[in-house]
Amino acid sequence: MKKIDILMAGVGGQGTILASNILAEVGLELGYDVKKSEVHGMAQRGGTVESHVRWGEKVYAPLVEQGQADYLLGFEMLEAARWPLYLKEGTVVLINRYRIPPPAVNLGKAKYPSEQEIESLLKGAGGRVIWIEGTGIAGELGNPAMVGVVLLGAVSNLLGGAEEVWMKVIQRLVPEKFLELNKKAFLAGRALIIS
Amino acid sequence: MKKLMTGNEAIAYGAYLNGVRVGAAYPGTPSTEIMDNFSGYPGVFAEWAPNEKVAMDVGIGAAYAGTRALVSMKHVGVNVAADSLFYAVYTGLKGGLVLVTADDPGMHSSQNEQDNRNYAKFAKLPMLEPADSEEAKQFVGIALEMSETFDTPVMLRTVTRLSHSSTSVEISEEAPPAAPPEPPLYERDAVKFVMVPANARRRHPVIEERIKKLAEYAENTPINRIEPGDDTIGIIAAGSVYQYAREVFPGATFLKLGMVYPLPAKLLQQFASRVKTVVVIEELDPFLEEQIRLMGIEARGKDIFPIIGEFSPALVRERSASAGLISTPAAARAEAAAAAAEAAELPIRPPILCPGCGHRGMFHVFRESGALVLGDIGCYTLGYAPPLSAMHTTGCMGAGIGVAHGIGKAGVKDRIIAVLGDSTFFHSGIHPLIDVLYNESTVTVVIADNSVTAMTGHQQHPGTGITLQKKTTKAVNLEQLVRSLGFEKVDICDPYDLDGLAKTLEDHLESGKPSVIIARRPCVLYAKEKRTAPQIDPELCVNCGTCLELGCSPLMQEEDYVTIDPILCNGCGLCVQVCPAEAIIAR
Ligand SMILES: Cc1ncc(C[n+]2csc(CCOP(=O)(O)OP(=O)(O)O)c2C)c(N)n1
């Protein structure tokens, strides 16, 4: 069983926690040993959120090691750009094309990096960068906060696991009244990347 | 059946499975979810105490009565509870008592990085440290039994990484033990439970004897184990650091410690004699290393690994390679990536007050007043940061009022404000407030009342009228409480009303009297109110930047005017009030 290390980076309120919970549970369903770690202390205050999910035969540390990530899911462009140190040759990087400018940028005191800058930073570290209109797709379906599920849909073809397995976990973790929409969001994401 | 649980969930589950019936805590990252989760199990009583010391005493009381109890807090909470912890070590208990300390290496959300393993040695009690959620669950049971066998409270240490990581846990088929049919009988035993000097002197030798017996126990408990491997390097590690070390040294011989105090001297000697080099890998203080060296064992440790900050697999690998313990593949690519990342100078994303937060208006008024503002810990601490820049000290919970009083007594001529949140006030603000009155200062105390413990994720507190287990209860009325202490000058203001708050503050600061202002506005995240965003007329906007000085994220600088992001904005109207050009129009 090959180890798979997945990193997720976003901003508080973007749904990274739900997405990482789904990923972890899918890993278990597929028979992996799974560990997951989050740092979200100040997340509600608009801070950075990072989440590590590791699948493998036997996983010790709940943290992905630098230079070892197999996947990076960037929920926000700037947050994705912070992780080149964790990439290796061929790391799949999905970036949601969406910006949330931090305070210094709003105040005109710092510059938000351009798409080209972000892309070359991550490519330079070995990343295979794929842009996803996650927030756009989720917004069209009725709730931009479902961006995480769109990203999961997109990466699901690469990670493997039958559609039923993903759906089963989504069914278990998403509250009933948002379930149908989230399933749609997942399928919309899944249609984006054919492995 | 296996289930993914965070360390905190697993501790709560372990407590429930092992018949804990009383839980008490005060919130604090990364400990909060322990009591949150425990409170939801059937047949248990769980509470948010006003502070950690009260929580500790509640747990001790339950254990005196023979009932198993769980008390949990963040590392600095143990400082608050320490006086009680120390006497409980002397008296011992009847039922098992476990105190969970959740340490925060790396200070993800704390004011310091203290290593609470030192408390075990200091207070002379045993401490366990699990390395994943399954162990967290099991160790609670072991700790409870140890507590009852050895007649002592037992500490269980977790760290942020363990508390907030999910790993799989075996779900028990068996139900927890049923509650005893009869209420517990309290056995009166003054010699054991009344710590007057004469009794305490009798108890101290018992404590010393007990810790020796616990060290014997540590020799044989299966939670301290040698994991044989290549004997060139022998690694000693505990907790989450053990997992990092396992990633880096897959084939080495390990001594995995589940019990970090007291240490098993014979087992350590035996381990040291079978390996060539002993390496202690531990985060923060050289707690294990110093004791191991005192046993005469040669060991490496803090000469390789830092004493500051959180570890990670990468850090353990990098330091081990530098010390020649392992050879690592060439890191040219990593260096290039690091250099590129640094060159990109990505803007940081610090936490900020939420759009619509009542604290923002309050700090705006503080800044304009020019007063010295002595602060405290909570969401409102973010008022220290630019552009609000209106808090000048923050130390620990409850410090602000006393510090303000002291600065005043030193003779400083500034006008002085002490500010603290409502939960912080109940935690440790009442005593210093009494001091202000009793010893006659002129401090103006502002209670930033958002009617919930917001910082740690919206827990109830004695002012909300709701308990942890969601029962309706009596709410302590802040205004009545403060008046009953003897404060005559007390006002309640809405921090959304900048002029009103500024006027009241000016009146209080100039009154020459001790006084209290309650700045009341429910937390927007908790109240989930959504008001309409105002609009900026770009024709009228003179681009003066006044509104940006509020430090509110929906306000964005464009080329030569400012815009408002209507999705982020909560329509509090502060920017409408401060705009000198009247370019921002409420809707
Ligand atoms: C001794 C101690 N216990 C707990 C904490 C964690 N903590 C920091 S602030 C805070 C409460 C803040 O609530 P409140 O005073 O109401 O302010 P708010 O965040 O709601 O603005 C807590 C529990 C701490 N830092 N120190």
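The values are calculated or read from the model by the stated rules, or taken from the named source; none is laboratory data. Just so it is clear, the structure is predicted and the values come from calculations on it, not from any experiment. Here the Cβ positions follow ideal geometry from the backbone for every residue, glycine too, while neighbour counts run over all protein chains shown. What goes into the accessible areas is simple: the full protein's heavy atoms, side chains included, and nothing from ligands, DNA or RNA. Shrake-Rupley method; radii C 1.70, N 1.55, O 1.52, S 1.80 Å.
Counting only helices (runs of 4 or more DSSP H) wholly contained in the stretch A:76-195, the ones carrying 1 or more residues that are hydroxyl-bearing (Ser, Thr, Tyr) occupy A:115-124, A:134-141, A:147-159. Report yes if some residue within the stretch B:169-192 is within 14 Å of another protein chain (Cβ to nearest Cβ) and under 30 Å from B:GLY309 (Cα atoms); otherwise report no. Yes. Inspect the stretch B:387-396 for any residue being more than 27 Å from B:SER553 (Cβ to Cβ), touching a residue at least 12 places away in the same chain (Cβ under 8 Å) and hydroxyl-bearing (Ser, Thr, Tyr) and give the result as yes or no. No, the stretch B:387-396 contains no residue that is more than 27 Å from B:SER553 (Cβ to Cβ), touching a residue at least 12 places away in the same chain (Cβ under 8 Å) and hydroxyl-bearing (Ser, Thr, Tyr). Being within 14 Å of the ligand (Cβ to nearest atom) and either farther than 26 Å from B:ALA371 by Cα or of a type in the set (Gly, Ala, Ser) (or both) is a description that does not apply to B:THR472. Inclusion of B:ARG300 among residues that are out of contact with any Pro (no Cβ under 6 Å at 6 or more places or on another chain), modelled with pLDDT of 95 or more and open to solvent by 50 Å² or more (accessible area, probe 1.4 Å) is warranted. Taking B:LEU162 as the residue in question, decide whether it is assigned to a strand (DSSP E or B) and surrounded by 13 or more Cβ atoms within 10 Å (Cβ to Cβ). No.
Taking the options A:GLU140, A:GLU133, A:GLU65, A:GLU117, name whichever one is within 7 Å of chain B (Cβ to nearest Cβ), more than 27 Å from B:ARG246 (Cβ to Cβ) and open to solvent by 10 Å² or more (accessible area, probe 1.4 Å). Unique residue meeting the criteria: A:GLU117. Total residues in the stretch B:363-386 satisfying the condition of being open to solvent by less than 20 Å² (accessible area, probe 1.4 Å), within 14 Å of chain A (Cβ to nearest Cβ) and not in a helix (DSSP H, G or I): the figure is 1.
Test B:LEU420 against the stated conditions and say whether it is open to solvent by less than 30 Å² (accessible area, probe 1.4 Å), more than 10 Å from the ligand (Cβ to nearest atom) and closer than 22 Å to B:THR453 by Cβ.
Values: open to solvent by less than 30 Å² (accessible area, probe 1.4 Å): yes; more than 10 Å from the ligand (Cβ to nearest atom): no; closer than 22 Å to B:THR453 by Cβ: yes.
It is false that B:LEU420 is open to solvent by less than 30 Å² (accessible area, probe 1.4 Å), more than 10 Å from the ligand (Cβ to nearest atom) and closer than 22 Å to B:THR453 by Cβ.
Residue count for the stretch A:13-48 satisfying the condition of being of a type in the set (Val, Ile, Thr) and more than 10 Å from chain B (Cβ to nearest Cβ): 4. Looking across B:GLY429, B:GLY463, B:GLY398, B:GLY457, one residue alone is open to solvent by less than 10 Å² (accessible area, probe 1.4 Å) and within 11 Å of the ligand (Cβ to nearest atom). It is B:GLY429. Quick check: is even one residue across the stretch B:548-561 open to solvent by 40 Å² or more (accessible area, probe 1.4 Å) and within 16 Å of the ligand (Cβ to nearest atom)? The answer is no; no qualifying residue exists. Any residue at all in the stretch B:269-290 that's part of a loop (DSSP other than H, G, I, E, B), without any contact (Cβ under 8 Å) to a residue 40 or more places away in the chain and touching a helix residue (DSSP H, G or I) at 6+ places or on another chain (Cβ under 8 Å)? Among the residues of the stretch B:269-290, not one is part of a loop (DSSP other than H, G, I, E, B), without any contact (Cβ under 8 Å) to a residue 40 or more places away in the chain and touching a helix residue (DSSP H, G or I) at 6+ places or on another chain (Cβ under 8 Å), which makes the answer no.
Could you go through the stretch B:403-415 and let me know if any residue there is part of a strand (DSSP E or B), outside the structural domain of B:ALA81 (by TED's automatic domain parsing) and more than 15 Å from the ligand (Cβ to nearest atom). Scanning the stretch B:403-415 turns up no residue that is part of a strand (DSSP E or B), outside the structural domain of B:ALA81 (by TED's automatic domain parsing) and more than 15 Å from the ligand (Cβ to nearest atom).
Restricting the stretch B:123-159 to residues that are among the polar types (S, T, N, Q) and assigned to a helix (DSSP H, G or I) leaves a set whose member that is most open to solvent (accessible area, probe 1.4 Å) is B:THR149. Could you please tell me which pairs satisfy a Cβ distance under 7 Å, a separation of 6+ or placement on different chains, a first residue in the stretch B:15-31 that is within 14 Å of another protein chain (Cβ to nearest Cβ), and a second residue that is near the ligand (Cβ under 8 Å from one of its atoms) and assigned to a helix (DSSP H, G or I)? Correct list of pairs: B:GLY28/B:GLY77.
Only residues that are in contact (Cβ under 8 Å) with a residue 40 or more places away in the chain and more than 10 Å from every other protein chain (Cβ to nearest Cβ): list them for the stretch B:540-558, please. Can you show your working first?
Let us first name the residues in the stretch B:540-558 that are in contact (Cβ under 8 Å) with a residue 40 or more places away in the chain, namely B:540-542, B:548-554.
Answer for the stretch B:540-558, where residues must be in contact (Cβ under 8 Å) with a residue 40 or more places away in the chain and more than 10 Å from every other protein chain (Cβ to nearest Cβ): B:LEU540, B:CYS541, B:VAL542, B:LEU550.
Screening the stretch B:432-443 for residues that are open to solvent by 10 Å² or more (accessible area, probe 1.4 Å) and in contact (Cβ under 8 Å) with a residue 12 or more places away in the chain and picking the one that is nearest to the ligand (Cβ to nearest atom) gives B:PRO432.
Under the condition of being open to solvent by 80 Å² or more (accessible area, probe 1.4 Å) and touching an Asp or Glu at 6+ places or on another chain (Cβ under 9 Å), the residues counted in the stretch B:303-352 number 3. Of all residue pairs spaced 6 or more apart or on separate chains, those with beta-carbon atoms under 6 Å, a first member in the stretch B:57-68 that is assigned by TED's automatic domain parsing to the domain that holds B:GLY96 and a second member that is open to solvent by 10 Å² or more (accessible area, probe 1.4 Å) and of a type in the set (Ser, Thr, Tyr) are B:ALA65/B:TYR186. The residues on offer are B:VAL89, B:VAL58, B:VAL22, and the sole one that is open to solvent by 20 Å² or more (accessible area, probe 1.4 Å) and closer than 24 Å to B:ALA200 by Cα is B:VAL58.
Considering only the stretch B:466-484, how many residues are in a helix (DSSP H, G or I), exposed (fewer than 15 other Cβ atoms within 10 Å of the Cβ) and in contact with a strand residue (DSSP E or B) (Cβ under 9 Å, 6 or more places away or on another chain)? I'd like the intermediate steps shown before the answer.
Initial filter on the stretch B:466-484 (in a helix (DSSP H, G or I)): B:478-484.
Pick out the ones that are also exposed (fewer than 15 other Cβ atoms within 10 Å of the Cβ) and you get B:480, B:483-484.
Narrowing the set further to residues that are in contact with a strand residue (DSSP E or B) (Cβ under 9 Å, 6 or more places away or on another chain) leaves B:483.
Result for the stretch B:466-484: 1.
Looking only at the stretch B:219-264, which residues are in a helix (DSSP H, G or I) and in contact (Cβ under 8 Å) with a residue 60 or more places away in the chain?
B:GLY239, B:SER240, B:VAL241, B:TYR242, B:GLN243, B:TYR244, B:ALA245, B:GLU247, B:VAL248
Output the residue which, of all residues in the stretch A:77-87 that are within 9 Å of another protein chain (Cβ to nearest Cβ) and touching a strand residue (DSSP E or B) at 6+ places or on another chain (Cβ under 7 Å), is surrounded by the most Cβ atoms within 10 Å (Cβ to Cβ).
If we filter the stretch A:77-87 for residues that are within 9 Å of another protein chain (Cβ to nearest Cβ), which is where we start, we get A:78-79, A:81-87.
Filter once more, keeping what is touching a strand residue (DSSP E or B) at 6+ places or on another chain (Cβ under 7 Å): A:79, A:82-83, A:86-87.
Working: A:GLU79: 25, A:ARG82: 20, A:TRP83: 25, A:TYR86: 23, A:LEU87: 29.
Checking each candidate, the answer is A:LEU87.
Which one is farthest from the other protein chains (Cβ to nearest Cβ) among residues in the stretch A:91-114 that are in contact with a strand residue (DSSP E or B) (Cβ under 7 Å, 6 or more places away or on another chain) and modelled with pLDDT of 95 or more? It comes out as A:LEU94. Taking the conditions (1) in contact with a Cys (Cβ under 8 Å, 6 or more places away or on another chain); (2) farther than 23 Å from B:CYS569 by Cα in turn, A:ARG45 satisfies each one other than (2). When the residues of the stretch B:485-497 are filtered to those that are over 30 Å from the mean Cα position of the chain (by Cα) and more than 20 Å from B:SER451 (Cβ to Cβ), the one that is surrounded by the most Cβ atoms within 10 Å (Cβ to Cβ) is B:PHE487. Within 14 Å of another protein chain (Cβ to nearest Cβ), away from the ligand (no atom under 13 Å from the Cβ) and among the small types (Gly, Ala, Ser) - does that describe any residue in the stretch B:98-114? Yes, some residue in the stretch B:98-114 is within 14 Å of another protein chain (Cβ to nearest Cβ), away from the ligand (no atom under 13 Å from the Cβ) and among the small types (Gly, Ala, Ser).
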